[in-house]
Structures are given as structure tokens and as C-alpha cells.
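Novice: Structure below; questions to follow.
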Amino acid sequence: MIATKPYIREQAVQYAEAWALDRNPLFFNFTGRGGNCTSFASQVLLAGSCTMNYTPDFGWYYISPEDRAPAWASVEYFYDFITQQPAFYNENGGLGPFGREVDGSEVFEGDFIQLADRTGDFYHTLVITGFEPGDILICANSDDALNRRLSTYNYASLRFIHIDGIAVEIPDDNCFDALLSGEAILVNEPSSNRNSTRLDLPPEEL
């Protein structure tokens, strides 16, 4: 069963500020191979969601430099995955972060900005880490930036990506059928380190 959980923006921002001027050794550094900005944005998004989507080609995941989704490190594919995920989630049970393109007044810390050139090609992904009067603070890789003001960038246009939530899979704990038929009681114990337990009653206790 699919449910949603909140995007933990505090964790996303903490990660962005910790690694904006460095590189986490868990991930390949794409600087010199198209840029590391969107891979960095994906890492930030992962820090605030802890959920990947392993759908081949159309998912959002990183296992190794050779085994990763296009959306992990590509500006356009990152945008497509995030903004198309709600429809995919509803129709196909897709997991992971989902959101939408919004106006600049609707973004929060942990959301994203993508910059475009005069031809309309989007080439850079930035992480929003704070706000100042009339300006937005960002972190980024490739052109490394730690809480840099957006107003210092040169770009032709931009778009804002707001993360609405995270689609996650949870166990289906519906006890009704087993309970109605007299076969079993399905118990969810309160301890967080235990899973659902099936208690089959012997015939003499029925």
C-alpha cells in the first residue's frame, strides 16, 4: 500500500550546507562530466526523504556511477521526475519525492531552483537554504556555493520546484478477512522493532 510522508526540510538544508563546498564520498563527483549540481540536489532531496524510486529509466535512484537513474544527475530529468511523479504515483504506485513547479512566493527551504539560458535550456539546479529580504539563499555544487544570494547569478529565466511530499510503501495490515473468517488475529505490536505478527488460534480455543 502506498502512503505519503513529509519531506524533512531541516535535514535537506543541513545536508546542503554540510556538502556545498565539498563532495560526499558516497557519490560520484560529476564535475567535468556534465556537472555535479543536480547530483548534489538529488543528494539533498534524498537527505530529506530517505526514499528512492528504482524504476528503470524513469525512476530516481543512485547505486553507482554506472547504475543510476537519468533523473539523479540530469537537470531536465530531475524536473520531469519530480513534477510528473504525482500522476505516476497515482496510476502506477511510484515511490519517492513528488512536487510541482510553482511561483517564487510558494517555495520553502529545501526546495529547488533551475536556471535557463537565453535559448530556454535549463542548465543548473540550485538548493534553497534560506531567505533574505528580497533575495533567496542557495547552496550548489559545480559552481560551488554556500548560502549564496540568488541575485548574484546571471541567467535568462528560472523555474521553482516545490516538494509536496514523499510517496512510500507501507505494509498492508488489513486484518478484516482473517478476522472475519476466524482464521487469525493480525497484531501490530507497539514496539518499533517488531513487524505484524500472525497469531493462529488452536481449534480448542476457538
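Novice: In nm, to one decimal, how far is the modelled label at Glu10 from the one at Cys175, with both set 7 Å along Cα→Cβ?
Specialist: For the pair Glu10/Cys175, the computed spacing is 3.3 nm.
Novice: Which value, in debye to the nearest 20, describes the size of the charge dipole of segment 2-169 about its Cα centre when Lys and Arg Cβ atoms bear +1, Asp and Glu Cβ atoms bear -1, and nothing else is charged?
Specialist: Numbers: 10 positive and 22 negative charges, 38 e Å.
Using Cβ point charges on Lys, Arg, Asp and Glu, segment 2-169 gives about 180 debye.
Novice: Taking Cα pairs under 8 Å and at least six residues apart, what relative contact order does segment 2-169 come out at, in percent? Intermediate values should be presented prior to the final figure.
Specialist: Details: 355 pairs, mean separation 49.8, N = 168.
Contact order relative to length: 30 percent.
Novice: Between Ser64 and Asp22, what's the calculated FRET efficiency when r is the beta-carbon distance and R0 is 25 Å? Round to 0.05. Could the numbers behind the result be given before it?
Specialist: Numbers: r = 20 Å, r/R0 = 0.81.
Computed FRET efficiency for Ser64 and Asp22: 0.80.
Novice: Summing Lys, Arg as +1 and Asp, Glu as -1, what charge do residues with Cβ under 13 Å from the Cβ of Met52 carry, Met52 excluded?
Specialist: Working: positive: Arg68; negative: Asp67, Glu169.
Here the count lands on -1.
Novice: Under the 0.36 nm per residue contour assumption, what length would be gained going from the current alpha-carbon distance of Gln84 and Arg33 to full extension? Show your work: numbers first, answer last.
Specialist: Numbers: separation 51, 0.36 × 51 = 18.36 nm, distance 2.62 nm.
Between Gln84 and Arg33, full extension yields an extra 15.7 nm.
Novice: Rg over Rh of segment 1-72, using C-alpha atoms and the Kirkwood radius, what does it come to? Walk me through the numbers on the way to the answer.
Specialist: Details: Rg = 12.6 Å, Rh = 13.0 Å.
Rg/Rh: 0.98.
Novice: Could you tell me the calculated FRET efficiency between Met1 and Asn147, based on Cβ-Cβ distance and R0 = 30 angstrom, to the nearest 0.05? Mind showing how you got there, number by number?
Specialist: Details: r = 40 Å, r/R0 = 1.32.
Computed FRET efficiency for Met1 and Asn147: 0.15.
Novice: Something else now. Choose one of Gly96, Asn29, Leu115: the residue whose Cα lies farthest towards the positive end of the charge dipole of segment 2-169 (beta-carbon charges +1 Lys, Arg; -1 Asp, Glu; about the Cα centre).
Specialist: Asn29
Novice: Treat each spin label as a single point 7 Å out from the Cα along the C-beta direction, and report the Glu183 to Asp164 distance in nm.
Specialist: About 3.6 nm, to one decimal.
Novice: Taking only C-alpha pairs under 8 Å that are 6+ residues apart, what is the relative contact order of segment 113-183 in percent?
Specialist: On the way: 85 pairs, mean separation 19.9, N = 71.
After rounding, I find 28 percent.
Any read-out appearing in this document is the output of simple, stated calculations on the displayed coordinates, not a laboratory observation. No experiment lies behind these values; they were computed from the predicted model shown. All Cβ positions, even for glycine, are placed from backbone atoms using ideal geometry, and neighbour counts span all protein chains on display.
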